[in-house]
Amino acid sequence: MMRLLKGKTVVNHEIPELKAQVSRLRADDVEPTLAVIMAGKDPASELYLKAQKKMAVRIGIRQQNYFLPSNASQESFLSLIRELNQDSKIHAILVELPLPAHLDENLVTQTISADKDVDGMTDVNIGRLWRGTSVIAPATAAGIMTLLHAYRIQISGHFVVIVGRSQIVGRPLSALMLRENATVVIAHSHTHDLKDLTRQADILITDIGIPKLITSDMVKKESVIVDVGINRARGRLCGDVDFERVAPLVHAITPVPGGVGPVTVISLMQQVIDLARRQYGR
């Protein structure tokens, strides 16, 4: 029988533990604090920011938002990050992407202190992730692992296919999967015979931004499908997977919306707590 992997169910399960972790830190006079920087207006980023703020309030994390104009200079952006790096009351820093075109995204993210890089975007934390010495990973990748663990999906020994090689999902997720003894393949736009590959996957994860690309003839029966895609087709949100036709064939699948998204936010908050704890030696 198909299982629907709902993010909200996981969030409701995780919140009490996160609140308890925050309470323990506050008892030691540590107030976990997240600084979020956003330049210009991007509808998707604004929705994500709103969800972050709501969850931070619910858990007890302090979130400070910094809004810069879309024409903010590179130096003003970097100056703000350096200031936050030096502020002992700020434990985690997140820059909302994408940035306006005139800003150097790599330079901006690399300016964040690795010890406050809550989304695992600095070269230092990417290296730590691949060495297996970091608890910090991009929140979406971390959220996928949280979701699979919550539903007790077996990872060790299974064949995992990730369709998409982005820095926030495909690449870091492959490192997290390898850490748990999965066999991992990353497919992308230059992969030959994608269908042959996806039909072998025990766990198939998609993050490509093409509505309903993954069809019923591209999945293994009784597999687990994690759809990270957020697309709009005919005025409705949908994922990268043709949910209606694929769902009856598989063991478990995430809905879009309502699957990975909510767990991404809760994973981000967990990493804020982890960074605060680390900075105070807790």
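What follows is calculated from the coordinates using simple rules that are stated; it is not laboratory data. Computed from a predicted model, the values in this text were never measured in an experiment. Heads up, the Cβs are rebuilt from the backbone with ideal geometry, glycines too, and the neighbour counts pull from every protein chain shown.
Going from the residue with the fewest nearby Cβ atoms within 10 Å to the one with the most, Lys6, Lys41 rank Lys41, Lys6.
As a proxy for reagent exposure, ranking Thr9, Thr254, Thr33 by other Cβ atoms within 10 Å from fewest up yields Thr9, Thr33, Thr254.
By the count of neighbouring beta-carbon atoms within 10 Å, fewest first, Arg58, Arg236, Arg277 end up ordered Arg236, Arg58, Arg277. With a 10 Å cut-off between alpha carbons and a GNM built on the chain, which of Ala137, Ala92, Ala35 moves the most? Of Ala137, Ala92, Ala35, the Gaussian network model singles out Ala35 as fluctuating most.
Modelled spin-label separation between Arg278 and Ala20, with each label point placed 7 Å from Cα along the Cα-to-Cβ direction: 2.3 nm. Modelled this way, with points 7 Å down the Cα-to-C-beta line, the labels at Val135 and Ala27 are 1.7 nm from one another. The angle between the Cα long axis of helix 74-86 and the main principal axis of the chain comes to about 80°, on a 0 to 90 degree scale. What does a probe at Leu47 reach in the range 233-256, counting residues whose amide N is under 15 Å from the point 7 Å along Cα→Cβ? Of the residues in the range 233-256, 233-240, 255-256 have backbone N under 15 Å from the label point off Leu47. Taking the chain as a Gaussian network of alpha-carbon nodes connected by springs under 10 Å, the highest mean-square fluctuation of the residues Arg24, Arg234, Arg245 belongs to Arg234. Relative to the longest principal axis of the Cα atoms of the chain, helix 43-59 runs at roughly 70 degrees. With both residues required to sit in the chain, DSSP beta bridges show an antiparallel share near 10%. Please give the residues of the range 1-18, grouped as numeric ranges, whose backbone N is less than 13 Å from a label point set 7 Å along the Cα-to-Cβ vector of Leu237. Counting only backbone N, you get 7-8. Could you list the residues of the range 239-257 with an amide nitrogen less than 11 Å from a label point located 7 Å from the Cα of Lys195 in the Cα-to-C-beta direction? Once the point is set 7 Å along Cα→Cβ of Lys195, nothing inside the range 239-257 turns out to lie under 11 Å by backbone N. Separation of the range 57-112 and the range 174-190, taken as the distance between their Cα centroids, equals 30 angstrom.
Would you tally the net charge around Ile90, using a Cβ to Cβ cut-off of less than 14 Å, leaving Ile90 out, and scoring K and R as +1, D and E as -1? Computed value for this residue: 0. Could you go through the range 231-244 in sequence order and give the Karplus-derived ³J(HN,Hα) for each residue, using 6.51 cos²θ - 1.76 cosθ + 1.60 with θ = phi - 60°, rounded to whole Hz, and x for Gly and Pro? Values, residue by residue: 10, 10, 10, 6, x, 10, 6, 8, x, 7, 10, 6, 4, 4 Hz.
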